1. Checking the condition open to solvent by less than 30 Å² (accessible area, probe 1.4 Å), within 28 Å of ALA356 (Cβ to Cβ) and of a type outside the set (D, E, K, R), which residue from LEU229, LEU278 passes?
2. Here are SER301, SER323, SER273: which of them is on the phi < 0 side of the Ramachandran plot, open to solvent by 40 Å² or more (accessible area, probe 1.4 Å), without any contact (Cβ under 8 Å) to a residue 24 or more places away in the chain and hydroxyl-bearing (Ser, Thr, Tyr)?
3. Would you be able to tell me the number of residues in region 174-195 that are of a type outside the set (Ser, Thr, Tyr) and surrounded by fewer than 19 Cβ atoms within 10 Å (Cβ to Cβ)?
4. Take the residues in region 137-157 that are farther than 24 Å from ASP202 by Cα and of a type outside the set (A, V, I, L, M), then tell me which one is most open to solvent (accessible area, probe 1.4 Å).
5. Select from region 51-96 the residues that are of a type outside the set (A, V, I, L, M), over 21 Å from GLU35 (Cα atoms) and not in a helix (DSSP H, G or I) and write down the one among them that is most open to solvent (accessible area, probe 1.4 Å).
6. Scan region 377-395 for residues that are out of contact with any helix residue (DSSP H, G or I) (no Cβ under 7 Å at 6 or more places or on another chain) and open to solvent by less than 60 Å² (accessible area, probe 1.4 Å) and report the count.
7. Starting from residues that are in contact with an Asp or Glu (Cβ under 8 Å, 6 or more places away or on another chain) and open to solvent by less than 30 Å² (accessible area, probe 1.4 Å), keep the ones in region 406-446 and report whichever is farthest from PRO365 (Cα to Cα).
8. Could you list, in sequence order, the residues of region 163-208 that are more than 25 Å from GLU275 (Cβ to Cβ) and among the β-branched types (Val, Ile, Thr)?
Amino acid sequence: MDPLPARASGYSSSHSTTTSRDADNPSFDPRIPAELIPVIIQYASYDDLPSCALVCKWWTPYSQRRRFSSLSLYQNSKCRVWNARFDAAPHLIPYIEKLWLGGSDEDEDGNTIDPSTREVPEDHLPFLQGGAALRIVHRLTAVRVLAIVDFQHQFGQEQQRAFRNMLTVEELELSFVSFRAPQEVVDFVSGMPVLQSLALDDRVGVWEDLSDATGEFERIPPPTELCRLRLLSTENLLERPDLLTWLHRFFDLTELVSFQITWQPLDGETPESDEIQLYTELVSKASGVKHLIFSHLRQPSPGEVDYALASFMEFGTFTSFQSLETFVIDGEDADSFTDAAINIHVPVTLLPSFRAPVLRRIELPLNVHLSRLIDLDRYRTGLEWERLDDLLASRHFPALQQVIFNLRLTLHSWDERQQAPDIADIEDLVIASLPRFVQSGQLFFR
């Protein structure tokens, strides 16, 4: 919290804090402690923040700080508007701490653009190729959370230079960002000296030859002091040996606190053995994590194989995760019975291999989709409840205190002549399906 002027802090006497102008202002109340102002602002709705800024001069900076704390940009014309606002009120620039940048290969009229074309108005250039966009990125020097999404064929040296002033970035998300060479990826991230959190997927740095890119990452000398991450999120990296090599050589995962892993079953050729080894070794490097999250799991379709799950089992990847305190399956996107099945199958398959003496909380999703009441029987008999009950009721995790089911019920074209089930019915289903574990009193619902 930024310090307020002395006369606005605490319960100072009225003769030293209240001017005649303040006294005439019914919105000013010197009896409100200064430390409560940011608390009040925090609970105000976003739409009320402009009004909060007008209450009195003490409220203005707190209201503006929250109102302008985040910024999302995806059009060059929007950047022109924001540049004009920052020109008129430069004190707002340090308030921007969260920045989301979304690129596209379409202009603002929805037409596909040739990135090499320059003989067009700035608003019709791909995002971040116009001067207004590059200028605004260059001006934002207090950004702590940065997300760059969907930049195909656009992220070159000009864009790299615009980010050189972002020395305060602590959290970085890269998704579908096409760098021209591995060296540019290294240079971009190494320009963020306080980076602690990284999220990336398999669409970062899409080169023509993965083996050449992997070799280049191996030839680039790593820094003397590796980037120490505390949070890491990876998505579908099993077939990306280049990105796995980058993570291996340029990041220190020994102090990682939270690790989120997303993978999908593969259709086609079996991954190379060295790719599987790189992948499982990277996961094993994070053995000191306290919080492990699996997200967006999907049941293999015919012809697909879940190589990631199989390799985790074959190599005992999680046997060394002895500091683990929470294990979460994130099933927010689960929208079918098969999704519910895989969200139970993965934990009952992997958790027995864990040696986690301090694991205290497990969170599992159960998203139930029903068109008829009889559909509920699939969730009673088609999930691996017995294996889950045996595992949770055992003493495999001596410190376990909570197993939380995150429940969601969706009814599709429900016949109004039938009584519709509710969340309480889903709770009863889970309780009946875990008869041994429920006696421990450690089952909870959310």
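1. LEU229
2. SER273
3. Here the count works out to 10.
4. HIS138
5. Among those residues, the one meeting the criterion is TYR74.
6. So the count comes out to 1.
7. This residue is PHE437.
8. Matches in region 163-208: THR168, VAL169, VAL194.
The values are calculated or read from the model by the stated rules, or taken from the named source; none is laboratory data. The shown structure was predicted, so the numbers you read here are calculated from the model rather than taken from an experiment. All Cβ positions, glycine included, derive from the backbone under ideal geometry; neighbour counts span all protein chains shown. These accessible areas exclude ligands, DNA and RNA; they are computed on the full protein's heavy atoms, side chains included. Shrake-Rupley method; radii C 1.70, N 1.55, O 1.52, S 1.80 Å.
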